[in-house]
Amino acid sequence: MAGPRAQHRLAARQPGRVRRRPTRGRARGPVRGRGGRPMIRQLMSVVGPAERRLLRKVLALQVLGAVLQAVAFVLIVPVLERLLGDEPDQAWPWVWALAAAAAAQSVVHYWATKAGFQAGAALSRVLHHRIGDHVSELPLGWFGPTRTGELSTLTTQSVMGIMRVPGYLFRPLIGGLLTPAAVVVLMYLFDWRLALAATCTAPFIAVVLRWSTQRTATADRLRAGTMTEAANRVIEYAEVQPVLRAFPGSRAAGGSRLDEALSAQRDAGRQVMRAGVPGQVGFTLTVQAAFTVILVYGTYLALGGSLDVPELLALLVLAARFVEPMAEAANLGSALRSASAALARVQRVLAEEPLPEPEHPAHPAGTDIEFDAVEFAYDNGRKVLDGVGFRIPEHTMTALIGPSGSGKTTVARLIARFWDVHGGAVRIGGVDVRELPAEDLMSRISVVFQDVYLFEGTIEDNIRAGRPEATDEEVRRAATLARVDEIAARLPGGWSTQVGAGGAGLSGGERQRISIARALLKDAPIVLLDEATSSLDPANERAVQEALSELTRDRTLLVIAHRLQTVRAADQILVLDGGHIVQRGTHDELIAQEGRYADFWAERSRSRGWRLAKTPVAN
Ligand SMILES: Nc1ncnc2c1ncn2[C@@H]1O[C@H](COP(=O)(O)OP(=O)(O)OP(=O)(O)O)[C@@H](O)[C@H]1O
């Protein structure tokens, strides 16, 4: 059984039925896997034409800068030749040429650096937009609990790592390759034999450089992995403090997971050192050996009389400078790998399939909801819904009950198209939800789930999120209907109280009342509601019930019900178990039958908590 994402991919391939949403102001280049492509190509593939132009400009300037640097290096030879020879006065034209080359290189370097920073800022902007645009088109089901951390790392550390590339990495990398190459080529103008000797040493230096980079690459990757793990363990350790303190026995286990991660990080750090030292020593020795070869050969030529001593000295100075940019580039291996890994992470998210959009949007007639032989499984392949069928008539209330894990939340999520079904269809007003544009579908639905998210902002801001263009009166009216006015009156800052990200500082019932007010303001004709399971104090319980009765008026409502009075008030009750609807009807009809509902009612009436025995789901 294909998982939700695989299923989206299948749907996206069906010809004629769906089309990908147009890409608003984005790069047209395809996002393909790394496949060993040079980083610059990877970078070009995730940005738009304007940023590509800017990157090309930076590259061109850096290439020019590297060549000018080589020219400046090479001009040292005639200057030294003349200064150390018999006619020092003749050095002046070369000194001026050297000064001109150095000045030109400085100017180009300034332009390149400026363009590099501009390109970095543009990269950061475009990547943030692309990630934001793309994520907004992904199925809601993609947003699991780990995504917050993933997205925040992506938009901060990863994007920062990538934006440093044109400003900080291009110059040494391009210089490291081009300047030595240009130096060797220009050396041929002075003495082809020493130039040839330098050319012959280059492959050895390159091989050792590659070997040392590969040695540290594996250790570096290991260290990056252990650092992420350690960071996650630190966060986990902070988050589970209440549990660790409530259950002292678990403290050792909680602490040891963190200790293990930290010592793995330490070991990985040592491994990087161990792996890096031979590479660096090997590189230095090879460079020294190459220099010695040139020195010995040059001395041999000078002793034989075929090379002047001043020219030999000048060429040796040049040879010494020729390895400098290579050494600088060699030290950037780690930064380059981490930028490449960051780019790969961005590409992975950008490669996630967006929700397929209908080619010919349909128009629902009404707001009744229908499940027609719906089948659905999450990525693990276990069928959660297996041929579920029911209808919620317009402007009626349906209560969905069933044991924990029976798929009640999944039913609600499928109506809001968090994922697409794998079999059958979910219809609204007779139209398959897959034939509705995502925005149209969401404009018809209000979702009040248990894990209410409150934005960083005031109570008022949070309610207004339901309909940003609403007037102040409309916001206050929704708030009053949902009994949020009582909350505002109690809080020191009133309506302007900051409720903070995640709504810290408010109880579960209070958060749900704000989310009901938000839904009331949105005024969508369909409401999907997951009643709070946590026990509320009587005042909050009454307020939530009153708020709900406002919310459900004249709307089509599916409620995942946990309270007896909600279940009783429903026009229809559906009992979900084992992947099927096992009973349906009104409270009176179901209570008259023997079955799971009657058991549930009897059990629930006896105690405050209730549970239905779970039966296995047929696959
Ligand atoms: N994102 C997910 N990925 C994989 N499996 C999931 C996911 N969400 C839910 N499940 C699994 O699907 C099954 C149905 O979950 P669902 O949340 O729909 O049940 P529920 O009836 O609403 O449970 P509860 O009453 O405890 O909230 C469970 O076995 C659950 O573990």
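The values are calculated or read from the model by the stated rules, or taken from the named source; none is laboratory data. This one's a predicted model, so the numbers in the text were calculated from it and none came from an experiment. Here the Cβ is made from the backbone with ideal geometry for all residues, glycine too, and neighbour counts use every protein chain on show.
What the table shows:
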item: Qualifying residues in region 436-447 (those that are within 17 Å of PRO358 (Cβ to Cβ) and of a type in the set (Gly, Ala, Ser)) - the one nearest to the ligand (Cβ to nearest atom); result: ALA438
item: Residue tally, condition within 16 Å of the ligand (Cβ to nearest atom), among the hydroxyl-bearing types (Ser, Thr, Tyr) and in a helix (DSSP H, G or I), over region 122-171; result: 1
item: Selection count, region 548-571, where residues are within 24 Å of LYS522 (Cα to Cα) and either within 14 Å of the ligand (Cβ to nearest atom) or free of Cβ contacts under 8 Å to residues at least 12 places away in the same chain (or both); result: 6
item: Qualifying residue in region 490-510 (condition: in contact (Cβ under 8 Å) with a residue 24 or more places away in the chain, aliphatic (A, V, I, L, M) and within 21 Å of PRO139 (Cα to Cα)); result: no
item: Hits in region 406-435 - residues which are more than 15 Å from the ligand (Cβ to nearest atom) and either touching a residue at least 24 places away in the same chain (Cβ under 8 Å) or not β-branched (Val, Ile, Thr) (or both); result: GLY423, GLY424, ALA425, ARG427, ILE428, GLY429, GLY430, VAL431, ASP432, ARG434, GLU435
item: Selection within region 92-139 - of a type in the set (Lys, Arg) and farther than 21 Å from ARG171 by Cα; result: ARG125, ARG130
item: Cβ-Cβ under 8 Å pairs, at least 6 apart or on other chains, region 518-539 side within 16 Å of the ligand (Cβ to nearest atom), far side modelled with pLDDT of 90 or more and in a helix (DSSP H, G or I); result: LEU528/ALA412; LEU528/ILE415; ASP530/LYS408; ASP530/THR409; ASP530/ALA412
item: Subset of region 323-332 that is surrounded by fewer than 20 Cβ atoms within 10 Å (Cβ to Cβ) and of a type outside the set (A, V, I, L, M) - its residue that is farthest from PHE170 (Cα to Cα); result: GLU324
item: Residue match in region 375-396 (condition: at pLDDT below 85, at negative phi, out of contact with any Ser or Thr (no Cβ under 9 Å at 6 or more places or on another chain) and not in a helix (DSSP H, G or I)); result: yes
item: Tally of residues being buried (at least 21 other Cβ atoms within 10 Å of the Cβ) and of a type in the set (D, E, K, R) across region 155-190; result: 1
item: Among the candidates ALA246, ALA231, ALA238, residue that is over 27 Å from ARG321 (Cα atoms), surrounded by 14 or more Cβ atoms within 10 Å (Cβ to Cβ) and not assigned by TED's automatic domain parsing to the domain that holds LEU178; result: ALA231
item: Evaluation of ASP379 against (1) more than 19 Å from ALA561 (Cβ to Cβ); (2) more than 8 Å from the ligand (Cβ to nearest atom) (one fails), failing number; result: (2)
item: Selection status of GLU370, more than 16 Å from the ligand (Cβ to nearest atom) and in a strand (DSSP E or B); result: yes
item: Any hit, region 435-445, residues being buried (at least 19 other Cβ atoms within 10 Å of the Cβ), in a helix (DSSP H, G or I) and out of contact with any Asp or Glu (no Cβ under 8 Å at 6 or more places or on another chain); result: yes
item: Residue match in region 342-351 (condition: surrounded by fewer than 16 Cβ atoms within 10 Å (Cβ to Cβ), away from the ligand (no atom under 16 Å from the Cβ) and without any contact (Cβ under 8 Å) to a residue 60 or more places away in the chain); result: yes
item: Top-ranked residue of region 390-405 - restricted to ones that are of a type in the set (Ser, Thr, Tyr) and more than 10 Å from the ligand (Cβ to nearest atom), ranked as surrounded by the fewest Cβ atoms within 10 Å (Cβ to Cβ); result: THR396
item: In region 201-210, the residues that are touching a residue at least 60 places away in the same chain (Cβ under 8 Å) and loosely packed, with under 15 Cβ neighbours inside 10 Å; result: PHE204
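Let's see how each residue does on (1) farther than 20 Å from PHE449 by Cβ; (2) modelled with pLDDT of 90 or more; (3) within 41 Å of the chain's Cα centre (by Cα):
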site: ALA561; (1), (2), (3): no, no, yes
site: LEU564; (1), (2), (3): yes, no, no
site: GLN572; (1), (2), (3): yes, yes, no
site: GLN583; (1), (2), (3): yes, yes, no
site: LEU590; (1), (2), (3): yes, yes, no
site: TYR597; (1), (2), (3): yes, no, no
site: ALA602; (1), (2), (3): yes, no, no
site: ARG606; (1), (2), (3): yes, no, no
site: ARG611; (1), (2), (3): yes, no, yes
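Residue by residue, here is whether (1) in contact with a Lys or Arg (Cβ under 7 Å, 6 or more places away or on another chain); (2) surrounded by fewer than 20 Cβ atoms within 10 Å (Cβ to Cβ) holds:
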{"residue": "ALA365", "(1), (2)": "no, yes"}
{"residue": "ASP368", "(1), (2)": "yes, yes"}
{"residue": "VAL374", "(1), (2)": "no, no"}
{"residue": "ARG382", "(1), (2)": "no, yes"}
{"residue": "VAL388", "(1), (2)": "no, no"}
{"residue": "GLY407", "(1), (2)": "no, no"}
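Conditions (1) more than 15 Å from ALA197 (Cβ to Cβ); (2) surrounded by fewer than 19 Cβ atoms within 10 Å (Cβ to Cβ), marked per residue:
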| position | (1), (2) |
| --- | --- |
| MET273 | yes, yes |
| VAL277 | yes, yes |
| VAL281 | yes, yes |
| THR284 | yes, yes |
| SER306 | no, yes |
| ALA319 | no, no |
